[in-house]
Each structure stands twice: as structure tokens, then as C-alpha cells.
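I have placed the structure first, in the form of C-alpha cells, so that the comments after it can refer back to it.
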Amino acid sequence: MLQNENAPALIQIRDLAKEFDPQSKNTVEALRDINLDIEEGKFTVLIGPSGCGKSTLLYLLAGFEKPTRGSLLLDGKPVEKPGPDRGFVFQDYALFPWRTVLGNITFGLRSNGWSKADADAKAREYIAMVKLNGFENAFPHTLSGGMKQRVAIARALAYNPRVLLMDEPFGALDSQTRKHMQQELQRILMQTNKTVVFVTHSVIEAVFLADRIVVLTARPGMVKGIIDVNLPRPREYTDDSYLDIREAVLSLLSEEVEKELEMDGM
Ligand SMILES: Nc1ncnc2c1ncn2[C@@H]1O[C@H](COP(=O)(O)OP(=O)(O)OP(=O)(O)O)[C@@H](O)[C@H]1O
Ligand SMILES: [Mg+2]
């Protein structure tokens, strides 16, 4: 997609802070002073120690939570509630167990006013994209983890959201399946050119998928550093330049992970 170099970023995060229970003595400062631009069509990875507010930042973008201070703009408009312009993929898939693969994908479309015929046709298009043809009538409990996550990805993409928000989507998969899903996601995104914000703990996964990696500090999460990944796609895990970037991310991250372990008294 052609982009105007001077156009404002699709997502603009300004002086964003999130505190849970701010009035109580148990207040938790999750995020502090986050300033970040997320460009259309780019794959942004958020990485940082456990508890640094990665999921919180995605929930704020999704409109599940509200900021304590600062602002979050999507296409120039404040994010106030969830909407079909943002698709969400959770680590635990969050499929409806009583609906088939097709039913899981059509459900949201039908709730948004699509006719049955249109919703079915759209769902089948995305089932084909995630290579689940033949499983349209299967129920989630009969699918492997990787297959369930494909359904969740198809469901999120079927709305054609502006932004796909993914919270450790491959965190529950075994390492072989995880690698395969990373490659599949890369393939799908090369087709759809989606804007993605993706949370992971894995530096390998981050460098494989990202255009930009945002490293967050230990809680309260602040932006520690941003690393652009300008490697050609499809990527290989073993290129020299890949390994150099991995080192750079690791060195930023390891300082923060150590701080987090100290906070936990470990
Ligand atoms: N609804 C909530 N109420 C109170 N505290 C919360 C709530 N949600 C998150 N927190 C706290 O905010 C902090 C950030 O949590 P968050 O889940 O965003 O971290 P994370 O970076 O996603 O961690 P992980 O890598 O373990 O998934 C944590 O200290 C957490 O306990
Ligand atoms: Mg999380």
C-alpha cells in the first residue's frame, strides 16, 4: 500500500498511563508515559518482562480498558470501546466450544449484521487462508492447539479489522507448531498487509515477525528502546543479520528481566 510519508501514524499513543485501583493502597502502576506511533501496515512487537503491562497496553488498544491518563488515537479518533476495526487473538484461543469452526468465524459477522450467506462465504475464504479446509464443521475440542489458533486468527481477520491485536498467540504451542505458526502468520500477513500489534516473550519470534520491536521496561512499563527490523521477507532464523538484531533485543531485555526478578525477590 502506498503511504503518505507525512500522514499521521494509524495509532498514536501519547503520554499514556494506566494504574489499577488508583484510589486504594493496593494501586498498581502498570504503564507510565508511553509515547508510541504505530504505522499502518507494519508489524509491531511488544516485548518486556512478565507483568510490565504488555497485555494491559493491548487491552487499552482494544478498548477493553480505559487509560488513567494520556490518549490513544486510532485513525485520529480516541479509542473508547471495543469495535470491529480491531481484531483480538488471545493466547488461549477463546473459541466458543459449542460452535463449529465455521460457526466461530461467522458468529461475530452475523452479530454485525451480515447475512448468513455473506458470513458463510467470508468465513470460508478465511478458512482457506489459514488452511483449515475440510474442518468447517469440526468443534474446537477436536482440533490441535495450532488449528485452534488458526481458527482464532481467521475469526479476527474475517472482519477485515484495521488492526490485529495478538497477545502471545503462540505461547501455548509446542516449539515445532509454534515455528510453523510463525511462518504461517508471516505468509498470511504478506497477503493481507495488516497492521499488527503482537505481544511475545520470545526474542526469536519477535525478530522473525516484526518490522519494529518495542522493548518495555520492568513495571511500570515504559518504552526502553525501539529496534527496527529491516530484514527482507520471508525470513530465516539463522541469517547473520537476524542474529545481530536478536542480540541487540536480548541485551535491552535482559537488563529489565533482571530488574523484574529483583522486584520479585528472586
Ligand atoms: N484488572 C487488573 N486489576 C489489577 N491489576 C491488574 C489488572 N490487570 C493487570 N494488572 C496488573 O498490572 C500489571 C501488568 O499486567 P499485564 O498483564 O499487562 O502484564 P504483562 O506484561 O502482560 O505480563 P505477562 O508477560 O506475564 O503476560 C501486573 O502487575 C498485573 O498484576
Ligand atoms: Mg500478558
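The values are calculated or read from the model by the stated rules, or taken from the named source; none is laboratory data. These numbers were taken from a predicted model, which means no experiment stands behind them. Every residue, glycine as well, gets a Cβ built from its backbone with ideal geometry; the counts of neighbours run over all protein chains shown. The protein model used for the area step is the full one, side chains on, heavy atoms only, and it has no ligands, DNA or RNA in it. Shrake-Rupley method; radii C 1.70, N 1.55, O 1.52, S 1.80 Å.
Condition check ((1) open to solvent by less than 50 Å² (accessible area, probe 1.4 Å); (2) modelled with pLDDT of 95 or more) across all residues:
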| site | (1), (2) |
| --- | --- |
| ARG99 | no, yes |
| ILE105 | yes, yes |
| ALA121 | no, yes |
| THR142 | no, yes |
| TYR159 | no, no |
| VAL163 | yes, yes |
| ALA172 | no, no |
**OP:** Could you tell me whether ALA206 is on the phi < 0 side of the Ramachandran plot and open to solvent by 10 Å² or more (accessible area, probe 1.4 Å)?
**Re:** no
**OP:** Check PHE43, PHE20 and return the single one that is of a type in the set (Phe, Trp, Tyr) and more than 8 Å from ligand 1 (Cβ to nearest atom).
**Re:** PHE43
**OP:** Can you confirm whether the stretch 69-87 contains a residue that is within 16 Å of ligand 2 (Cβ to nearest atom) and not polar (S, T, N, Q)?
**Re:** no
Original post:
In the stretch 129-156, what residues are at positive phi and either assigned to a helix (DSSP H, G or I) or among the charged types (D, E, K, R) (or both)?
Top reply: LYS131
Original post:
What number goes with the only condition from (1) touching a strand residue (DSSP E or B) at 6+ places or on another chain (Cβ under 6 Å); (2) within 15 Å of ligand 1 (Cβ to nearest atom); (3) open to solvent by less than 80 Å² (accessible area, probe 1.4 Å) that PRO49 does not pass?
Top reply: (1)
**OP:** Report yes if some residue within the stretch 236-256 is of a type outside the set (A, V, I, L, M), at pLDDT 95 or above and away from ligand 2 (no atom under 16 Å from the Cβ); otherwise report no.
**Re:** no
Original post:
Among the candidates TYR93, TYR59, which residue alone is surrounded by 13 or more Cβ atoms within 10 Å (Cβ to Cβ), within 16 Å of ligand 2 (Cβ to nearest atom), of a type outside the set (Lys, Arg) and free of Cβ contacts under 8 Å to residues at least 24 places away in the same chain?
Top reply: TYR59
Original post:
From LEU185, LEU165, LEU157, LEU189, which residue is within 16 Å of ligand 2 (Cβ to nearest atom) and under 20 Å from ILE38 (Cβ atoms)?
Top reply: LEU165
**OP:** Take the stretch 227-266 and flag every residue that is loosely packed, with under 13 Cβ neighbours inside 10 Å and hydroxyl-bearing (Ser, Thr, Tyr).
**Re:** THR238, SER251, SER254
**OP:** Go through the residues of the stretch 122-144 one by one and say whether even a single one is more than 19 Å from VAL45 (Cα to Cα) and within 16 Å of ligand 1 (Cβ to nearest atom).
**Re:** no
**OP:** Test ALA17 against the criterion of being away from ligand 2 (no atom under 16 Å from the Cβ) and open to solvent by less than 20 Å² (accessible area, probe 1.4 Å), and give yes or no.
**Re:** yes
